[in-house]
Structures are given as structure tokens and as C-alpha cells.
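The values are calculated or read from the model by the stated rules, or taken from the named source; none is laboratory data. Treat the numbers as computed from the prediction; the structure is a model and nothing was measured. Here the Cβ positions follow ideal geometry from the backbone for every residue, glycine too, while neighbour counts run over all protein chains shown. We work out accessible area using only protein heavy atoms, side chains counted, and drop any ligands, DNA or RNA first. Shrake-Rupley method; radii C 1.70, N 1.55, O 1.52, S 1.80 Å.
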Number of protein chains: 2
Amino acid sequence: MPLIETLAGRGARRVPCWMMRQAGRYLPEYRAVRADIPDFLCFCYTPDATVEAALQPIRRFGFDAAILFSDILVVPDALGQSVRFIEGVGPVLEPLADDRAIARLDPARLEAHLAPVYASVSRLRAALPPEVALIGFAGAPWTLAHYMIEGRGGSDGGRIRAWAYRAPESLARLIGLLADAVAGYLIRQIDCGADAVQLFDSWAGGLAEPLFRTHVIEATRRIVVQIRDRYPQTPVIGFPRGGGVLYRDFAEETGVTAVSLDTAVPLAWAAETLQPRLCVQGNLDNHLLLAGGAALPAAVLSILDRFAAGRHIFNLGHGILPETPPEHVAAVVESVRGWSRR
Amino acid sequence: MPLIETLAGRGARRVPCWMMRQAGRYLPEYRAVRADIPDFLCFCYTPDATVEAALQPIRRFGFDAAILFSDILVVPDALGQSVRFIEGVGPVLEPLADDRAIARLDPARLEAHLAPVYASVSRLRAALPPEVALIGFAGAPWTLAHYMIEGRGGSDGGRIRAWAYRAPESLARLIGLLADAVAGYLIRQIDCGADAVQLFDSWAGGLAEPLFRTHVIEATRRIVVQIRDRYPQTPVIGFPRGGGVLYRDFAEETGVTAVSLDTAVPLAWAAETLQPRLCVQGNLDNHLLLAGGAALPAAVLSILDRFAAGRHIFNLGHGILPETPPEHVAAVVESVRGWSRR
């Protein structure tokens, strides 16, 4: 598996390539299987559907990794918080109101509730070619807590920041509960066949440094320690999106095997500061992938060239946008393969 | 003027202090004057109202600087694009659709349309105590273009990024037009008595490096060069919010006198990387200012201590939130003054 060889630092034969949200709405074959199960959470809990969705981009593009098809909000859902996906709006949760709401979250529900996810992982691993790695994933605690307290993504995070500053022990309890739940969830995915796992911290950007240190870096380390204890060799990829300068501290202090770089991380800085320490993944602009044109292959080459001296997994800086033409994805995969053959 | 002394590197007697959005809805006296002129753009074009609004926080807290009360969207409005402010929604613009829409923007309208702003600057300067600096401001080209193309703030910037990648010369034309308009606008504010100017690039975060270099760094440099040509001594403060690692390149390459740091910029990194080169301003979390409690004075002290070795203007990382208790602002000003007296 080129992806796992690269993560392990064993020098892969080529730069492995996959893309965040490589399975999804930009693919007509995905829209076809989704049409049968319009409710998105229901889709996530139907192994036949998720396995098919995860395999589609492997068949079409020959990526080096498949990623479990699921959503980070299955964890709050499994803990007992109401989660709905509304077409055109995105996920909507009944926001946590207070400590009593935190106390009602029930980690004992996780194993039974998430059984369909574990079934998806097992079946997907069995269905994948042996050289294609299977990546399991979860939302990181800060990002899960953001959704759970704000009730949605993309807000200014006013409620969770107020909670962090006014009741720090209470928020720490929630983050700790989520870290342990996520660690257990990822370990079970590895039990079922995941070859690596990725932690998505989509709302880590813009945080004041003390909050980032506590709720992003420390919380991630708590998860990594638990995974390592059980699976010392399984790579863990961290994605503290928007982390800016603190990508450096995240890379140094969490124990992750790799960091996934968001679109804004400058290549030269990452090559000098991060890559000597761990594997980097990224970071083509998903808006450029959508737009296409001559700038697209040029950007692909500049990423590959800049990270050529160390461990690198080719990916985007953020997920594939729904309007993206699949041919643009094919062209990028071809560029990466062509570069690797040079 | 302590603010100007600090910006000029002459060693002020104390750390100067002001806060972004120090005039605004969190103050009951502001809500009272706003009640008379509910239309926000109309308020911005009424010098009696804006001068009163800008003076209110000076009277109440004794800040070292007043900032012109206005909005960055007066520039698109003056160029002829429709701008409306909708209560509870924010600014809404008729989005630019194509090159013809860019061609219809008319810089010849600026001087007459913005005359009330220049009147505000003159009267405000005359009304301020001599030791209080007057800061003029404008939106930076990328952020103005974001509003003008997306039609609002806070979107994912999909339209402007598509434009940047699909028609780079066309976007460059718009950014250039805005840079020249903004340079002229700031020069006129200095003509009328502004002692320093700040460029707000609120949507500079998350940009791929090549876009940041072209549309944030280059565009800012183009403005700074024009201001310096006319007013070599007037300080220019840049605020590339969310710039992350690229704050370094922004500080090195634009020619600004100071950078305003967003909430996420780590203090130690800024003290090592930015402050030896220029003055830094910032960067208390506006959500902590809102929340208050024991963490607030501790955070104020940690910012003051960390930047004690060089040029520093105390400020927030983002504007004061409308729900902020004015007593929290007073307590922070008191902490800054107390630290300066030590």
C-alpha cells in the first residue's frame, strides 16, 4: 500500500493520492445511489450504500486510498443528541444548553449505534484491492463540540467560545468525553480493518492560542495516545483546518503521523517546518480543482515539487465541491501519476 | 500622541490602546444616536452622527485613538454598486456579474460621493483632544471585491475564487481599480486630518498562497506606495485577518508600518517573527472581552508582557461584539494603563 508506506516513512514507489470528499455529489454514480436513500444519516447507516459510495471513486480514478463513507456527526447522534441533515442547509442539531445536557450524553450507546459503521468498514476493506488503503475517520472533539453547542457549522462560534471562557471545566468535560468516544470509535474502525485514520478538526481555525492548545492540541493528543496504546503502528492523520502558525505546534505535540494541510498553508513553510518532522498531506485549492484551466496542472506540479524531498500524500486543502467536473479530478490524478513516474 | 509615537518607533510613554469597533452597538449612547437614523449608510454619510459616534468611546474610556465611524462598503457604494444594510442580515450587494459590471464602476464618482466622510474626518479631528490620534480606514481590495462579487460577507468565497482562477486578468483589473480607489480615499482622509490609516482585509483568511500574494500582499503594497508618495510619514496599519503564516510575508513585503493581529496569531511567534520588523497591534479575543471573568485580565497581561520588548498597540483580534458589557471594556483599559505605569 503506497499510502501506508509513505505514512510509515518507508519510501513509497510513488506519491500516494486521494482526495477529501472523493466520494460524493460531484459523481453521477453517487447521486444515483443517494437517490434511493434520501435521508443522509440513514444512508450513512446503510453499509451496502456506504460501501458502494466509497468504492466509486476508486473504480473511476484509481486513488491510493478509500475513505469510509460516513459523517462526523454520527458520534453526537450515537451519544443521543438529535442530528438532522436538511437539504440545502446542512446538519442541524438541537444545541446543548448546559451541563445537564452534557450529562445526558451516553457513551454506552456508541457500540450498538455505530455497528453499521463498523460493518461498512469491514465490508469495504474486504471489497478493496489489497494495494488500496482504507482510511477510517472521525470529527475531532473541538469540531464536534462546535456543532453540538452551536447547533450547526459555519457560525462564528460565539456560543462555544462563551462556554469555553465562562465555564472552562464544563467545556473540558465535554471535550474529554468526546476525545474518549472518538478514540474508542477509531479503535473499533481499526479493529474492523481501517489501515489509517484521519481526525477532521474543521472548525479549529481562528481560535485564540490558549483555546487551540487545550481543545485542539491536547484533545488530539489524548486520542492519539489511546490509539497508539492499542495499535502502535496505525497511522493517524490530523487535520486542524485553519490552524495557521499553530500547525507547527500541532505537528510537534500531538503525536500524529501526518498533518493534512488546509489550502492556506504556504508550501515552502510547510516543507521547512513540518515535513522534516512528519508526513504532510495536501493541499490543492478545491476551488481551483473546480475551476480547472491551465493553472490547475501548474498548481499540482508546484505542490509535488515542493514536497518532493520528504513524505507527502497528494490531496486537497478541503473537500471536493459538489459542482466539480469529474474530469478535473481525473486530470489531477493523471498529473500526480505522471510526476511520480519521472 | 502615544499611538503615533509608538507607530513611529519613538518609544511612547505608555502602550497605546484602542479597540476595533469601539464605537458601536454595545454602547447605549450609540444606540441612542443610531435610533435617529435607522438607515446605516445614511448614518455613515451624516457627519454630525458619525462624529458623535466616534467621540463616545473616547469620552467614556479615554482610548488613545478614535477611528472614523464609517463602513468599508462606502467605497463600492461610491463606485456605483448597490449596497444595502439589512437589519439582522448585514450588508447585501447586487453582485458583480461580469466584466461589463466592472467597467460600469466609476471612480470619478468617489470624490463627490465620499465628501460627507471627509467632512466627518475634519470635524472629528477638530473635536478630538490633541493627544488622541485619529485613524482613518478603508476595506482592502480583496475584501471589497469579496463583498462586491459574493454579494455579502461570510460566504465561502466560491464566486470570487472561481473568478480569480477562470479570469485572472479580469479580477486583477477589479483589484487594481479598488487599490487605486482605496489609496485615493485614504489620502483624502489624511488630507482632512487622519493621523494614521488602517486597511481592513477581513476575508484574507483561507486563501491559497498564490491568491494571497497577488490580491492581498501586492494589492496592499500598491496602496502603501501611493500613500507614501504623498504622505511619507503617515503610518499605515494592515490587517490581513486570518493570514496565518503569511502574516510574515505581509509584514515583510507590503511596506506597512504595523500589522493588526487577528485572535489566532500566537503571541510568541508574532513577537519573534513580526515585531522586530514593525509595530504589532492586537490581539485580545473579542469573545473573551464579552465573557469577562478572571481569564480576561490574565489574557491582557499576557499580551502586554509578550510584546513588551518592542512596538505594540493594545487592541482586540477582531471587533467588539454587540452584546459586550461596556464595563468589560473599561476594565481592560484600566489593566493596560496599570501595566504601563509599572
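For the pair B and A, how large is the buried accessible area, both sides, in square angstrom to the nearest 100, if the probe is 1.4 Å? Walk me through the intermediate numbers first.
On the way: alone 13450 and 13450 Å², together 24710 Å².
Roughly 2200 Å².
Which FRET efficiency value, to the nearest 0.05, is calculated for B:Arg152 and B:Arg337 with the Förster distance at 60 angstrom and r the Cβ-Cβ distance?
Calculated value: 0.95.
Once you have the Kirkwood Rh of region B:204-322 from its Cα pairs, apply Stokes-Einstein at 4 °C and 1.567 mPa s and quote D in µm²/s.
Values: Rh = 14.9 Å.
Translational diffusion coefficient: 87 µm²/s.
Averaged over its residues, how many other protein chain Cβ atoms are within 10 Å of peptide A:284-296's Cβ atoms?
On the way: counts 1, 9, 4, 12, 8, 1, 5, 8, 2, 4, 1, 5, 1.
Mean partner shielding for this stretch: 5.
Could you give the length gained on full extension between B:Asp48 and B:Asp36, defined as 0.36 nm per residue of separation minus the Cα-Cα distance, in nm?
Numbers: separation 12, 0.36 × 12 = 4.32 nm, distance 1.16 nm.
Gain in length upon complete extension: 3.2 nm.
So what is log10(I(q)/I(0)) for region B:21-97 at q = 0.13, 0.14, 0.23 1/Å, when the Debye sum runs over its Cα atoms only?
The calculated log intensity ratios at q = 0.13, 0.14, 0.23 Å⁻¹ are -0.42, -0.49, -1.09.
Let me know the charge dipole size of region A:1-102 about its Cα centre in debye, to the nearest 20, where only the beta-carbon of Lys, Arg (+1) and Asp, Glu (-1) is charged.
Working: 11 positive and 13 negative charges, 132 e Å.
About 640 debye.
Just to check I understand the Karplus step: with θ = phi - 60° and J = 6.51 cos²θ - 1.76 cosθ + 1.60, what whole-Hz values come out for region A:80-88, glycine and proline as x?
Per-residue couplings from phi come out as x, 8, 5, 10, 10, 10, 10, 3, x Hz.
What FRET efficiency would be calculated for the residue pair B:Val225, B:Ala309, taking the C-beta separation as r and a Förster radius of 25 Å, to the nearest 0.05?
Numbers: r = 30 Å, r/R0 = 1.20.
So the FRET efficiency works out to roughly 0.25.
Using Cα pairs closer than 8 Å and at least 6 residues apart in sequence, work out the relative contact order for chain B, in percent.
Values: 623 pairs, mean separation 66.9, N = 342.
Computed value for chain B: 20 percent relative contact order.
What's the angle, to the nearest 10 degrees (0 to 90), between helix A:326-341's Cα axis and the longest principal axis of chain A?
Between the helix axis and the principal axis of chain A, the angle is about 60 degrees.
Taking only Cα atoms and a 10 Å spring cutoff, compute GNM fluctuations for chain B and point out the largest among B:Ala138, B:Ala65, B:Ala270.
B:Ala270
Using only Cα atoms, tell me the angle between helix A:115-127 and the longest principal axis of chain A; keep it within 0 to 90° and round to the nearest 10.
Helix A:115-127 and the main axis of chain A meet at about 10 degrees.
Just grab the label-to-label distance for B:Asp180 and B:Ala298, each label 7 Å out from Cα along the Cβ direction, in nm (one decimal).
Modelled inter-label distance: 5.3 nm.
Could you give me the ³J(HN,Hα) list for region A:236-243, computed from phi with Karplus coefficients 6.51, -1.76, 1.60 and θ = phi - 60°, whole Hz, x at Gly and Pro?
Residue by residue, region A:236-243 yields 10, 9, x, 9, x, 4, x, x Hz.
With the dipole of the protein assembly as shown worked out from charges on the C-beta (+1 for Lys and Arg, -1 for Asp and Glu) around the Cα centre, which of A:Gly243, B:Gly11, B:Pro266 lies farthest toward the positive end?
Farthest along the dipole direction, towards plus: B:Gly11.
Take A:Val92 and B:Val92, extend 7 Å from each Cα along the Cα→Cβ direction, and tell me the distance between the two endpoints in nm.
So the two model labels end up 2.0 nm from each other.
Taking the dipole about the Cα centre of region B:52-112, with the C-beta of Lys and Arg at +1 and of Asp and Glu at -1, give me whichever of B:Gly90, B:Leu55, B:Ala112 is farthest to the positive side.
The listed residue farthest towards the positive side: B:Leu55.
Which value, in Å² and to the nearest 10, is the accessible area of A:His318 when all protein chains are kept and the probe is 1.4 Å?
Approximately 60 Å² for this residue.
Taking amide H positions as placed 1.01 Å from N in the peptide plane, with prolines and chain starts having none, which residues 5 or more places from A:Leu316, or on another chain, fall under 5 Å of its amide H?
A:Met20, A:Leu284
Can you tell me the dipole magnitude for region B:139-291 around its Cα centre, using point charges on the Cβ only (Lys, Arg +1; Asp, Glu -1), in Debye to the nearest 20? Please report the intermediate quantities before stating the final value.
Working: 14 positive and 16 negative charges, 67 e Å.
For region B:139-291, the charge dipole is close to 320 debye.
Once phi is turned into θ = phi - 60°, what whole-Hz ³J(HN,Hα) does the Karplus curve with 6.51, -1.76 and 1.60 give for every residue of region B:154-161, x standing for Gly and Pro?
Ordered by residue, 3J(HN,Hα) equals x, 6, 7, x, x, 5, 5, 5 Hz.
What do you get for the angle between helix B:141-150 and the principal long axis of chain B? Use alpha-carbon atoms, 0 to 90 degrees, nearest ten.
For B:141-150 against chain B, the angle is about 60 degrees.
Using Cα pairs under 8 angstrom and six or more residues apart, how large is the relative contact order of region B:128-208, in percent?
53 percent
With 5 Å bins from zero, work out the P(r) of region B:201-244 over every alpha carbon pair and list the percent per bin.
All Cα pairs considered, the percentages come to 5, 22, 28, 19, 14, 9, 2.
If you project the alpha carbons of chain B onto their three principal axes, what span does each projection cover, largest first, in Å?
Extents along the principal axes, in whole Å: 59, 46, 38.
Compute the distance from the alpha-carbon center of region A:260-275 to that of region B:266-306, in whole Å.
25 Å
Rounded to the nearest 20 Debye, what is the dipole magnitude of the protein assembly as shown about its Cα centre when Lys and Arg each give +1 and Asp and Glu each give -1 at the C-beta? It would help to have the intermediate numbers written out before the result.
Details: 68 positive and 72 negative charges, 197 e Å.
Here the size comes out at about 940 debye.
Compute the distance in nm between two label points, each set 7 Å from the Cα along the Cα-to-Cβ direction, one at B:Glu169 and one at A:Ala115.
6.4 nm
Check which residues have an amide H placed less than 5 Å from B:Asp201's amide H, if you skip close sequence neighbours.
Close amide H contacts, sequence-distant or interchain: B:Ala140, B:Phe239, B:Arg241.
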